[in-house]
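The values are calculated or read from the model by the stated rules, or taken from the named source; none is laboratory data. Everything quoted here is computed from the prediction, not taken from an experiment. Here the Cβ positions follow ideal geometry from the backbone for every residue, glycine too, while neighbour counts run over all protein chains shown. Heads up: the accessible areas ignore ligands, DNA and RNA and are worked out on the full protein's heavy atoms, side chains in. Shrake-Rupley method; radii C 1.70, N 1.55, O 1.52, S 1.80 Å.
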Amino acid sequence: SQTIHQWPATLVQPVGSPLSLECTVEGTSNPNLYWYRQAAGRGLQLLFYSVGIGQISSEVPQNLSASRPQDRQFILSSKKLLLSDSGFYLCAWTPAGAPDTQYFGPGTRLTVL
Amino acid sequence: AQTVTQSQPEMSVQEAETVTLSCTYDTSESNYYLFWYKQPPSRQMILVIRQEAYKQQNATENRFSVNFQKAAKSFSLKISDSQLGDTAMYFCAFMKTFGNEKLTFGTGTRLTIIP
(Lines give C-alpha, C1' and ligand atoms only; values in the text may rest on other atoms or scores of the structure.)
Protein backbone atom coordinates (compact mmCIF):
# COMPACT_ATOMS: atom_id res chain seq x y z
CA SER A 1 0.00 0.00 0.00
CA GLN A 2 1.02 3.59 -0.48
CA THR A 3 2.31 5.75 2.35
CA ILE A 4 3.19 9.42 2.43
CA HIS A 5 5.65 10.89 4.93
CA GLN A 6 6.43 14.45 5.89
CA TRP A 7 9.10 15.85 8.15
CA PRO A 8 9.66 17.53 10.34
CA ALA A 9 6.30 17.37 12.08
CA THR A 10 6.86 20.67 13.85
CA LEU A 11 9.30 23.47 13.19
CA VAL A 12 9.97 26.82 14.84
CA GLN A 13 12.23 29.14 12.86
CA PRO A 14 13.32 32.77 13.19
CA VAL A 15 12.47 35.32 10.55
CA GLY A 16 15.10 35.38 7.82
CA SER A 17 16.23 31.79 8.31
CA PRO A 18 16.09 29.17 5.53
CA LEU A 19 13.49 26.43 5.27
CA SER A 20 13.42 22.89 3.94
CA LEU A 21 10.39 20.64 4.30
CA GLU A 22 10.44 17.16 2.85
CA CYS A 23 7.72 14.87 1.55
CA THR A 24 8.21 11.31 0.33
CA VAL A 25 5.77 8.75 -1.01
CA GLU A 26 6.23 5.00 -0.79
CA GLY A 27 4.58 2.20 -2.70
CA THR A 28 3.95 3.97 -5.99
CA SER A 29 5.81 5.26 -9.01
CA ASN A 30 5.59 8.57 -10.83
CA PRO A 31 2.96 10.12 -8.57
CA ASN A 32 1.69 13.64 -8.98
CA LEU A 33 2.76 15.61 -5.91
CA TYR A 34 1.33 18.74 -4.30
CA TRP A 35 2.21 21.25 -1.59
CA TYR A 36 -0.63 23.01 0.21
CA ARG A 37 -0.59 25.59 3.00
CA GLN A 38 -3.29 26.05 5.58
CA ALA A 39 -3.27 29.32 7.50
CA ALA A 40 -4.89 29.35 10.92
CA GLY A 41 -8.67 28.96 10.67
CA ARG A 42 -8.69 28.70 6.89
CA GLY A 43 -8.93 26.16 4.12
CA LEU A 44 -6.05 24.86 2.08
CA GLN A 45 -4.27 26.82 -0.61
CA LEU A 46 -2.32 25.03 -3.33
CA LEU A 47 1.29 26.26 -3.52
CA PHE A 48 3.04 23.92 -5.97
CA TYR A 49 2.40 20.76 -7.90
CA SER A 50 4.62 18.39 -9.85
CA VAL A 51 3.87 15.75 -12.46
CA GLY A 52 7.45 14.46 -12.68
CA ILE A 53 11.09 14.88 -11.70
CA GLY A 54 12.18 18.48 -12.18
CA GLN A 55 8.69 19.57 -13.27
CA ILE A 56 7.27 22.16 -10.89
CA SER A 57 4.28 24.42 -11.35
CA SER A 58 3.65 27.32 -9.02
CA GLU A 59 0.16 28.45 -8.16
CA VAL A 60 0.91 31.45 -6.00
CA PRO A 61 3.88 33.84 -6.30
CA GLN A 62 5.55 33.94 -2.91
CA ASN A 63 8.62 33.53 -0.82
CA LEU A 64 8.71 29.76 -1.29
CA SER A 65 10.05 27.37 -3.91
CA ALA A 66 9.68 23.65 -4.56
CA SER A 67 11.87 20.96 -6.06
CA ARG A 68 11.47 17.33 -7.01
CA PRO A 69 14.92 15.76 -7.10
CA GLN A 70 13.64 12.19 -7.14
CA ASP A 71 10.47 10.51 -8.38
CA ARG A 72 8.87 10.19 -4.95
CA GLN A 73 10.44 13.14 -3.16
CA PHE A 74 9.06 16.66 -3.04
CA ILE A 75 10.81 19.48 -1.17
CA LEU A 76 9.49 22.88 -0.13
CA SER A 77 12.12 25.54 0.50
CA SER A 78 12.70 29.14 1.33
CA LYS A 79 15.91 31.17 1.47
CA LYS A 80 14.54 33.66 4.02
CA LEU A 81 11.39 33.01 6.01
CA LEU A 82 8.80 35.70 6.64
CA LEU A 83 6.32 35.89 9.49
CA SER A 84 3.55 35.30 6.96
CA ASP A 85 5.05 31.91 6.08
CA SER A 86 3.75 30.49 9.35
CA GLY A 87 1.12 27.82 8.87
CA PHE A 88 0.42 24.15 8.40
CA TYR A 89 1.99 22.63 5.31
CA LEU A 90 0.50 19.55 3.75
CA CYS A 91 1.89 17.36 1.01
CA ALA A 92 -0.46 15.29 -1.14
CA TRP A 93 -0.16 12.74 -3.92
CA THR A 94 -2.24 11.18 -6.64
CA PRO A 95 -1.50 8.21 -8.89
CA ALA A 96 -0.14 9.26 -12.27
CA GLY A 97 -2.71 8.58 -14.98
CA ALA A 98 -5.55 8.46 -12.45
CA PRO A 99 -5.26 11.75 -10.61
CA ASP A 100 -8.83 11.87 -9.42
CA THR A 101 -8.27 11.74 -5.67
CA GLN A 102 -5.56 13.38 -3.58
CA TYR A 103 -4.23 11.71 -0.44
CA PHE A 104 -2.57 13.82 2.19
CA GLY A 105 0.43 13.43 4.46
CA PRO A 106 0.42 14.19 8.19
CA GLY A 107 1.60 17.77 7.69
CA THR A 108 4.25 20.09 9.13
CA ARG A 109 3.38 22.88 11.53
CA LEU A 110 5.69 25.83 10.85
CA THR A 111 5.94 28.78 13.22
CA VAL A 112 8.07 31.73 12.18
CA LEU A 113 9.02 34.04 15.07
CA ALA B 1 -12.15 30.07 -11.65
CA GLN B 2 -13.95 27.74 -9.31
CA THR B 3 -15.16 28.71 -5.86
CA VAL B 4 -16.41 26.57 -2.99
CA THR B 5 -18.58 27.99 -0.23
CA GLN B 6 -19.32 26.46 3.14
CA SER B 7 -21.78 28.74 4.92
CA GLN B 8 -21.76 26.98 8.31
CA PRO B 9 -18.55 27.84 10.21
CA GLU B 10 -19.57 25.72 13.20
CA MET B 11 -22.12 23.05 13.99
CA SER B 12 -22.80 20.77 16.91
CA VAL B 13 -25.01 17.73 17.33
CA GLN B 14 -25.76 15.15 19.96
CA GLU B 15 -24.10 11.78 19.64
CA ALA B 16 -26.14 9.27 17.56
CA GLU B 17 -28.06 12.04 15.79
CA THR B 18 -27.88 12.92 12.11
CA VAL B 19 -26.23 16.10 10.86
CA THR B 20 -25.99 17.69 7.42
CA LEU B 21 -23.14 19.95 6.33
CA SER B 22 -23.75 22.30 3.40
CA CYS B 23 -21.53 23.12 0.46
CA THR B 24 -22.14 25.09 -2.71
CA TYR B 25 -19.76 25.64 -5.56
CA ASP B 26 -19.47 27.67 -8.70
CA THR B 27 -17.96 26.41 -11.92
CA SER B 28 -18.44 26.50 -15.66
CA GLU B 29 -17.04 22.99 -16.03
CA SER B 30 -19.35 20.09 -16.85
CA ASN B 31 -17.04 17.31 -15.68
CA TYR B 32 -15.49 17.47 -12.24
CA TYR B 33 -15.11 15.75 -8.88
CA LEU B 34 -16.37 16.84 -5.49
CA PHE B 35 -14.93 15.71 -2.18
CA TRP B 36 -15.48 15.93 1.52
CA TYR B 37 -12.34 15.78 3.65
CA LYS B 38 -12.20 15.49 7.41
CA GLN B 39 -9.48 17.17 9.48
CA PRO B 40 -9.43 15.93 13.08
CA PRO B 41 -7.32 17.59 15.80
CA SER B 42 -4.26 15.76 14.45
CA ARG B 43 -4.75 17.99 11.37
CA GLN B 44 -4.20 15.25 8.81
CA MET B 45 -6.66 15.57 5.94
CA ILE B 46 -8.66 12.38 5.55
CA LEU B 47 -10.84 11.66 2.55
CA VAL B 48 -14.43 11.01 3.62
CA ILE B 49 -16.28 10.68 0.33
CA ARG B 50 -15.98 11.45 -3.38
CA GLN B 51 -18.58 12.22 -6.05
CA GLU B 52 -18.09 12.27 -9.82
CA ALA B 53 -20.23 14.95 -11.41
CA TYR B 54 -21.31 12.72 -14.30
CA LYS B 55 -22.85 10.21 -11.88
CA GLN B 56 -26.41 10.98 -10.86
CA GLN B 57 -26.35 8.52 -7.99
CA ASN B 58 -25.29 10.01 -4.69
CA ALA B 59 -22.12 8.55 -3.17
CA THR B 60 -22.33 6.66 0.11
CA GLU B 61 -19.61 5.44 2.48
CA ASN B 62 -21.02 3.67 5.53
CA ARG B 63 -22.55 6.41 7.74
CA PHE B 64 -21.58 9.17 5.31
CA SER B 65 -23.65 10.11 2.29
CA VAL B 66 -23.97 13.10 0.02
CA ASN B 67 -26.83 14.93 -1.62
CA PHE B 68 -25.44 16.08 -4.96
CA GLN B 69 -27.61 18.55 -6.85
CA LYS B 70 -25.68 19.39 -10.02
CA ALA B 71 -28.08 21.98 -11.38
CA ALA B 72 -28.15 23.81 -8.07
CA LYS B 73 -24.38 23.31 -7.63
CA SER B 74 -24.94 21.94 -4.18
CA PHE B 75 -23.05 19.14 -2.44
CA SER B 76 -24.09 18.44 1.15
CA LEU B 77 -22.70 15.78 3.48
CA LYS B 78 -24.96 13.80 5.78
CA ILE B 79 -23.50 11.98 8.76
CA SER B 80 -25.83 9.42 10.28
CA ASP B 81 -25.56 7.98 13.78
CA SER B 82 -22.87 10.54 14.61
CA GLN B 83 -20.01 9.40 16.82
CA LEU B 84 -17.57 11.27 19.05
CA GLY B 85 -14.80 10.45 16.59
CA ASP B 86 -16.62 12.48 13.95
CA THR B 87 -15.63 15.67 15.76
CA ALA B 88 -13.42 17.50 13.27
CA MET B 89 -13.21 20.22 10.65
CA TYR B 90 -14.91 19.20 7.43
CA PHE B 91 -13.84 20.65 4.12
CA CYS B 92 -15.68 20.50 0.84
CA ALA B 93 -13.41 20.51 -2.22
CA PHE B 94 -13.70 20.71 -6.00
CA MET B 95 -11.44 19.37 -8.74
CA LYS B 96 -11.68 19.61 -12.51
CA THR B 97 -11.59 16.33 -14.35
CA PHE B 98 -8.97 17.34 -16.86
CA GLY B 99 -5.90 19.51 -16.76
CA ASN B 100 -4.38 20.71 -13.53
CA GLU B 101 -5.80 18.55 -10.77
CA LYS B 102 -5.93 21.38 -8.33
CA LEU B 103 -8.20 20.98 -5.34
CA THR B 104 -10.18 24.10 -4.48
CA PHE B 105 -11.29 24.03 -0.86
CA GLY B 106 -14.04 25.71 1.06
CA THR B 107 -13.30 27.39 4.37
CA GLY B 108 -14.54 24.45 6.41
CA THR B 109 -17.19 23.61 8.99
CA ARG B 110 -16.15 22.78 12.53
CA LEU B 111 -18.35 19.91 13.70
CA THR B 112 -18.59 18.98 17.36
CA ILE B 113 -20.32 15.81 18.50
CA ILE B 114 -21.71 16.22 21.99
CA PRO B 115 -21.75 13.16 24.26
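Among the residues of the stretch B:1-12, just one is part of a strand (DSSP E or B), open to solvent by less than 60 Å² (accessible area, probe 1.4 Å) and in contact with a Leu (Cβ under 8 Å, 6 or more places away or on another chain), namely B:M11. Could you list, in sequence order, the residues of the stretch B:30-45 that are hydrophobic (A, V, I, L, M, F, W, C) and either within 7 Å of chain A (Cβ to nearest Cβ) or without any contact (Cβ under 8 Å) to a residue 24 or more places away in the chain (or both)? Scanning the stretch B:30-45 gives a single hit, B:M45. None of B:F75, B:F91 is in contact (Cβ under 8 Å) with a residue 40 or more places away in the chain and within 12 Å of another protein chain (Cβ to nearest Cβ) except B:F91. Annotation note: Cβ proximity below 9 Å between a residue of the stretch A:66-80 that is more than 17 Å from A:T108 (Cβ to Cβ) and hydroxyl-bearing (S, T, Y) and a residue that is part of a strand (DSSP E or B) and modelled with pLDDT of 95 or more (sequence gap 6+ or interchain) occurs for no pair. Test B:K96 against the criterion of being more than 10 Å from chain A (Cβ to nearest Cβ), under 17 Å from A:D100 (Cα atoms) and basic (K, R), and give yes or no. Judged against the criteria, B:K96 is a match. Strands (runs of 3 or more DSSP E) fully within the stretch A:2-113 that include at least 1 residues being surrounded by 21 or more Cβ atoms within 10 Å (Cβ to Cβ), hydroxyl-bearing (S, T, Y) and within 11 Å of chain B (Cβ to nearest Cβ): A:32-38, A:44-52, A:87-94, A:108-112. In this structure, does B:I79 turn out to be aliphatic (A, V, I, L, M) and over 14 Å from the mean Cα position of the chain (by Cα)? Spelling it out, it is not the case that B:I79 is aliphatic (A, V, I, L, M) and over 14 Å from the mean Cα position of the chain (by Cα).
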